[in-house]
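These notes concern the structure reproduced below.
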Amino acid sequence: MTATVSISSIEKNFGATKTLKGVSVDVAAGEFLTLVGPSGCGKSTLLRIIAGLIPQDGGTISIDGAPVDHLLPKARDVSMVFQSYALYPHMSVRENIATPLKVRRLSSFARWPLVGKFAPGQAAARAEIAEAVKQVAAQVEIEALLDRRPAQLSGGQRQRVALARAMVRQPRVFLMDEPLSNLDARLRVHMRGELSELHQRLGATFIYVTHDQVEAMTMSTRVALMMDGEIVQVATPDEIYTNPADVRVARFIGSPEINLLQGRADPQGRISIAGRATALRTEAVGQLTVGLRPEILTIDDGSSDIVIDGRLQRVERLGHDVLLHVRNDGSDRKNMTLRVSAAELEALQMSGRLEENFTIGARATAALLFDADGKRLPAIHGATASEPLTYSSGRKLVGV
C-alpha cells in the first residue's frame, strides 16, 4: 500500500523564530524523497508535522488527496523511524515489533502484561500479530534476534528492529528522521544499500530526512534541499548536482566542495577569471561567481579554454582518487581543489609539473555561473563572440 503526499505552504514558528516559511512539495506514490540540508534548516520539523507529532501554523498536509491536518498521528496511516530508534528497553525484539499491531488490534485488557493473554476472543488476533512479526522480521533478517532485548543488540541490529516495527503496520507512508546517524561509517554504507533495497521491495512512499548529502544522493528518487526554512531546489540526484539552482545548492551538494571563483563579465558578456579571459559568455554584466567542480579541473596541457594560475599546497590521497589542494595565484588568491586519479598524480610527479607554478585548466562547458545574489546564470560558451578572445599571453582560446 502506497500513497501520494502533498505538502502545501507549511509554516511553523517557535516564538519569534520562523522555522518553516511556506514549504511546498509533492511526493509521488512510491517515491523516495529525501529532505536534506544543514542542521537547523527545518527538515525534521517538517517531518514531524507530516506525522502529526506537532501542529503547523499554516498550510496543509494531504495524503492521497485528503487533508490529514485534523487527524491524530495514529489515524494518518504513516510510520516513523526516529534517529534514536525509540525501542522499549524492557521488551524483547518480538514485543517491540508487535507493539503497533497490539495497540490497533487488541483490547485494552488484552494488552495487560500478565493477565492480558487470558482475555477472551483475542486468540485469533494474537496469532495474526505473531505471524506478521515473523514475516517482517524475515524481511529485515532479524529472525534470530526476536527473543533478545535492545541492550543485547548492535546499532545496526537496533536499526533493523526500528524498521521492522515501522513496516509491520504496512503504512501508506514511511517517515525516517536521520535513522543512520548513530551508526559507524562502514555500517552506514551497508544500511544505505539495505534501505534502498527495502524501498524497491516494498514499493512504498518514503520521506527521509538527513544532513548527509551522500545518503541523499545514493538512495533518493528525488532530493529536496532545504535552507533556512525553505526548499531551495527539488530534483533528481543527478540534476541537483549538475544543474544547481543557486550557489547554496552548488556548495552543499558535492564532496569535496565546489570551487567558487570571482569572475567579471564585460559589456559584451565576455567573462574573465582572475584577470584571464575565458571562453565563457553570459548575458549579465559585472561581477559574478564561477563554479568549477574538482573533477572537471586538470593541470592545463594547452587544450583548456579556462586557465588559472596555481601553486600546489598539499596532496590528499584517498586511495584511487587524489585531491590536489592548490593556491590560486590570480587576483583573488583562493584555495582550490582538484580531483585526479592516483595514476594521473604519479604521471604529474614524474614529469615534474607539480614542482613549480602551473596553470589549472577546465572546459568552459563544465563551468557553473551565478549572479551577485547567488542565482544561477545561463552560460553561452562563446556562441555570441564577435572576435576571438586571447589569454593575457596572447594565445588564442581553443575552440573560439
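Here, each number is a calculation from the coordinates, and none is a lab measurement. In this text, all values refer to a predicted model and were calculated from it rather than measured experimentally. Don't worry about glycine lacking a Cβ; one is built from the backbone with ideal geometry, like all the others, and counts go over all protein chains shown.
Exposure proxy shown here: for T205, T4, the number of other Cβ atoms within 10 Å sets the order, fewest to most, as T4, T205. Percent of C-alpha pairs per 5 Å bin in the range 144-219, short distances first: 3, 13, 27, 26, 19, 10, 2, 0. Taking label points 7 Å from Cα along the Cα-to-Cβ direction, S303 and T60 give a separation of 5.8 nm. Given R0 = 45 Å, the distance between the Cβ atoms of E356 and D228 translates into a calculated FRET efficiency of 0.55.
Just to verify a number: FRET efficiency for R186 and K21, C-beta to C-beta distance, R0 = 35 Å, to 0.05?
On the way: r = 38 Å, r/R0 = 1.08.
Step by step, r from the Cβ atoms, then E = 0.40.
Kindly work out what percent of the DSSP beta bridges joining two residues of the range 5-247 are antiparallel, to the nearest 5.
Working: 20 of 38 bridges.
The antiparallel proportion sits near 55 percent.
Using the Cβ-Cβ distance between S154 and H325 with R0 = 25 Å, the FRET efficiency computed as 1/(1 + (r/R0)^6) comes to roughly 0.10.
Cross-link pairs exceeding 30 Å between alpha carbons, from the set K43/K375; K18/K334; K21/K74; K334/K375; K21/K102: K18/K334; K21/K102. Note on Y88 and A123: the model spin-label points, each 7 Å out from Cα along the C-beta direction, lie 2.4 nm apart.
Note on Kirkwood radius over Cα pairs in Å: of the candidates [x] 21.9; [y] 24.4; [z] 23.8, the value calculated from this structure sits at [y].
For the range 157-266, the orientation-averaged shadow of the C-alpha convex hull comes to 8.7 nm² (one quarter of the hull surface).
Taking amide hydrogens as placed 1.01 Å from N in the peptide plane, the amide H of A277 sits under 5 Å from those of S392, each at least 5 positions away in sequence or on another chain.
Compute the longest continuous run of the chain that contains no exposed trypsin sites (Lys or Arg not before Pro); treat a site as exposed when its DSSP state is not H, G, I, E or B and it has at most 12 other Cβ atoms within 10 Å. It runs 1-332.
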